[in-house]
Amino acid sequence: MATQSACPTCRGTGSTVADPCPGCGGEGRRATRRTVTVEVPAGVEHGTRLRVRGAGEAGRRGATPGDLFVEVRVAEHPLFAREGRDLVADVTVPFTRATLGGAITVPTIDGEDVEVELAAGIQPGALLRVRRAGLPGRGGNRGDLHLRVNVAVPEKLGTEERELLERFAQVRGEDVRGRGLVERLRDALRG
């Protein structure tokens, strides 16, 4: 029976180092720590692997170094949720602005504010779109920013505010007494 294996002295390289240095043991490399700067493209997605050529492990005996692969983990933003290149954010407006309409100012991912026009009578949950205010993509294309409208209803009203709202409801023919089920049943039985 015959077996083949690499030479235990040269490990199959065909040469040996007569006087190896104590730092690398004749391999021509040793373990060190260093900081590598990595260019992360704008709009990169979670889980993307970036390749940095020549920044990996050094090759043995002067061979070219390998590549470094960096896996990107994108942290959640406190205001914007990501859907591909598009961003989604909630925007809360007072009920008077939702009723009357008008302009509101909202932040973008770039740190600049943009003005968005609300249509009179906009409903809670409505989506507004700000074109090209999302994340950049390949070829210079940007996603959009989608704003989900929430309407803030005041929790406490002053006397004048309450009277104005009651008058408003009367003009619209709305029931302002807030009768409950028991009162409505009582009225039905009487009538």
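For the chain, the relative contact order is 14 percent, taking Cα pairs closer than 8 Å that sit 6 or more residues apart in sequence and dividing their mean separation by the residue count. With both residues required to sit in the chain, DSSP beta bridges show an antiparallel share near 70%. Helix content alone sets the calculated 222 nm mean residue ellipticity of the chain: runs of n ≥ 4 DSSP H residues at -39500 (n - 2.57) each, divided across all residues, give -4500 deg cm²/dmol. The Cα atoms of segment 30-113 define a convex hull whose projected area, averaged across directions, is 8.1 nm². Positive-end ranking of Val149, Ala103, Val130 along the dipole of the chain, with charges on Cβ about the Cα centre, is headed by Val130. For the pair Val52 and Val91, a Förster radius of 41 Å applied to the C-beta separation gives a FRET efficiency near 0.55, rounded to the nearest 0.05. Under 1.5 on a/c is rounded, so check that first for the chain, then, if it is not, pick prolate when a/b is larger than b/c and oblate when it is not; a ≥ b ≥ c are the square roots of the alpha carbon gyration tensor eigenvalues. Since a/c reaches 1.5 and a/b is larger than b/c, the shape of the chain is classed as prolate.
So how tilted is helix 181-190 from the main axis of the chain? Cα-based, degrees 0 to 90, rounded to 10. Result, in degrees: 30.
Nearest 0.05, what FRET efficiency do Val74 and Arg190 give at R0 = 45 Å with Cβ-Cβ as r? Between Val74 and Arg190 the formula returns 0.10.
Compute the helix-to-body angle for 159-172: its Cα long axis versus the longest principal axis of the chain, expressed 0 to 90° and rounded to tens. So the inclination is approximately 80 degrees. For segment 78-153, relative contact order (Cα pairs under 8 Å, six or more residues apart, normalised by length) works out to 38 percent. Placing unit charges on the Cβ atoms only, positive for Lys and Arg and negative for Asp and Glu, gives segment 72-118 a dipole magnitude near 160 debye about its Cα centre.
Values quoted throughout were computed directly from the atomic coordinates according to the rules given, and no laboratory measurement underlies them. This one's a predicted model, so the numbers in the text were calculated from it and none came from an experiment. Note that we place each Cβ from the backbone using ideal geometry, even for glycine, and neighbour counts take in every protein chain shown.
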